1. Can you pull out every residue in segment 178-195 that is closer than 19 Å to Ser138 by Cβ and touching a Leu at 6+ places or on another chain (Cβ under 9 Å)?
2. Restricting attention to segment 274-323, report how many residues are outside any loop (DSSP other than H, G, I, E, B) and touching a strand residue (DSSP E or B) at 6+ places or on another chain (Cβ under 7 Å).
3. Report, by residue number, each residue of segment 175-192 that is crowded, with 22+ Cβ neighbours inside 10 Å and either assigned to a helix (DSSP H, G or I) or in contact with a strand residue (DSSP E or B) (Cβ under 7 Å, 6 or more places away or on another chain) (or both).
4. So which residues in segment 176-218 are hydrophobic (A, V, I, L, M, F, W, C) and within 15 Å of the ligand (Cβ to nearest atom)?
5. So for segment 107-124 (the condition being away from the ligand (no atom under 16 Å from the Cβ), over 19 Å from Ala278 (Cα atoms) and touching a Lys or Arg at 6+ places or on another chain (Cβ under 7 Å)), does at least one residue qualify?
6. Can you tell which of Leu238, Leu243 is within 16 Å of the ligand (Cβ to nearest atom) and farther than 30 Å from Arg365 by Cα?
7. If I go through segment 1-33 residue by residue, how many of them are out of contact with any Asp or Glu (no Cβ under 8 Å at 6 or more places or on another chain), loosely packed, with under 14 Cβ neighbours inside 10 Å and over 30 Å from Leu299 (Cα atoms)?
Amino acid sequence: MEKIVPNRLDRGFFKYQKEFEDKAIEVLRSGWYILGKEVEAFEEEFAAYVGTKYSVGVGNGLDALYLAFRALGIGEGDEVLVQGNTYIASVMGITMNGATPIFIEPDEYFNIDASKLEEKITDKTKAILVVHLYGQASNMGPVVDVCKKHNLKLVEDCAQGHGAKFNGKSVGSFGDIGCFSFYPSKNLGAFGDGGAITTDSKEIADTIKMLRNYGSEKRYHNKVVGVNSRLDEMQAGLLRVRLKHMSELEQEKREICERYLAEIHNNLIKLPETREGATHIWHQFVIRCDSRDKLKDYLEEKGIGTIIHYPIPPHLSEAYAYLGNKKGALPITEEYAETVLSIPLYNGMTSEEQGRVIDALNNYRG
Ligand SMILES: *Cc1c(COP(=O)(O)O)cnc(C)c1O
């Protein structure tokens, strides 16, 4: 039997093969490959999709985060509150600017626990970074309230949350800046690296446009030491094709996950829950199991691949040893790292493939 992999991108390509290929040829033949009409059109369409006034394409999701904090003037001596259980890039966006991440424990939906924010605020705190992890919108009501009350900037890491909503409003439109990745495996994935920021502020949009292009607004007139971080014409063109189909892609994933929720029955496995008022766009379907490593091996033997998002939380990673966090510092974050498992999920997953995953999970005896 063919192995079921955790994620596969070929199916998502073949679904719209002709449209992708036509667009690729159009861009190739245009003779213009960086900062042209595809990027401009994508920025406009993506801002409309998120519901912000502006969007600016950048090289990848990490750059979106780095440039967001830089544009907000957050750096050395400043603290940013961020959830402990996130992909390390969220934290790197903070530390690349010289600022210090202060880790907050997650709630039962794997997102930042808004009730634990205020106790960590000091006079150095400048911003909160929420991560809409696995595709579920965070608890934005209380997060926005805390930011207003303490005059903090709000940045959203939406790299896993394209199109997710909290009380009907899209992630990436709550804060000062929303940061998106279009890494191929994300829900809105490119065919290479890509990223974008979203904002309602013209000033922030202009600053990031300048920073992404060597700190210049006008060619060879460099105002600051910027970076080279541009979304290219090919990726922007291909992203425009995928963006048109987002609601159908989202619906397909939703149906797969509804079947998982309805048909996986095993006391050893805890299924993911969705907060009232939040939507989940299912970037990952993450289950929890006390004997996670054993379950992972068992599934592997049955020809089913899985991934752990993420086995080492940033505060315990070697890269952040200098922050001095010890094991036990974030018990909930650490427990998640030991028990979470992402099961196969991708656009184009067949009913037979899902059935095999469900049967294997239901037959697991620990
Ligand atoms: C993927 C991801 C990023 C980084 O995006 P890249 O485009 O790979 O740089 C940042 N944060 C989260 C939560 C992610 O999942």
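1. Scanning segment 178-195 gives Cys179, Phe180, Ser181, Asn187, Leu188.
2. Number of matching residues: 12.
3. Scanning segment 175-192 gives Gly175, Ile177, Gly178, Cys179, Phe180, Ser181, Phe182.
4. If the condition is that a residue be hydrophobic (A, V, I, L, M, F, W, C) and within 15 Å of the ligand (Cβ to nearest atom), then Ile177, Cys179, Phe180, Phe182, Leu188, Ala190, Phe191, Ala196, Ile197 are the ones that fit.
5. no
6. Leu238
7. The qualifying residues number 9.
Condition check ((1) more than 20 Å from the chain's Cα centre (by Cα); (2) surrounded by 16 or more Cβ atoms within 10 Å (Cβ to Cβ); (3) aromatic (Phe, Trp, Tyr); (4) under 22 Å from Leu65 (Cβ atoms)) across all residues:
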position: Ser173; (1), (2), (3), (4): no, yes, no, yes
position: Gly194; (1), (2), (3), (4): no, yes, no, yes
position: Ile197; (1), (2), (3), (4): no, yes, no, yes
position: Lys218; (1), (2), (3), (4): yes, no, no, no
position: Asn222; (1), (2), (3), (4): yes, no, no, no
position: Met234; (1), (2), (3), (4): yes, yes, no, no
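None of the figures in this text is laboratory data; all of them are computed from the coordinates on show. Because the structure is predicted, anything quoted here is derived from the model rather than measured. Cβ coordinates were reconstructed from backbone atoms using ideal geometry, including for glycine residues, and neighbour counts include every protein chain displayed.
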